[in-house]
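Bear in mind that the values in this text are calculations on the coordinates, not laboratory data. Worth saying up front: this structure is predicted, and the values here are computed from it rather than measured. Backbone-built Cβ (ideal geometry, glycine too); neighbour counts: all protein chains shown.
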Amino acid sequence: MSFRVERVYTAIPCVITYTVYDVSGTSIFTETDTNPPGPNPTPPVPSCFIGTPSYLVISVNPVPTFNVPVDCNNITQQLIPCPTSHIHSFSACLMTDPTSTCSNVLQINL
């Protein structure tokens, strides 16, 4: 299976790093984002990744890492202490790619 990533930015509280894993715990890719989002990583992220994403591990410095399942019905809320303490929601959803660029779209809500 192939998938592309679509990021939906709400209000990333600070710099975050996330890694997408498959069900066996194999890392598919890692990315660091900020708010406002920075430029695309160099070299550009490939348009399609190979694998079946199962969960994300998100790290928000200085918060320890936490897991977010790839589940369209599950929103993970986490207390984020930077720059000010507040609850922030993260979620990930895998769906059929309407553009047919890849088999699926992994939508990551940050």
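Could you calculate the FRET efficiency of Ala11 with Thr96 from 1/(1 + (r/R0)^6), where r is the beta carbon distance between them and R0 is 25 Å, rounded to 0.05?
For R0 = 25 Å, the calculated efficiency reads 0.35.
Counting only residues 5 or more places away or on other chains, whose amide H sits under 5 Å from the amide H of Asn104 once H atoms are built in the peptide plane?
Long-range HN contacts for Asn104: Ser2, Phe3, Arg4, Asp97.
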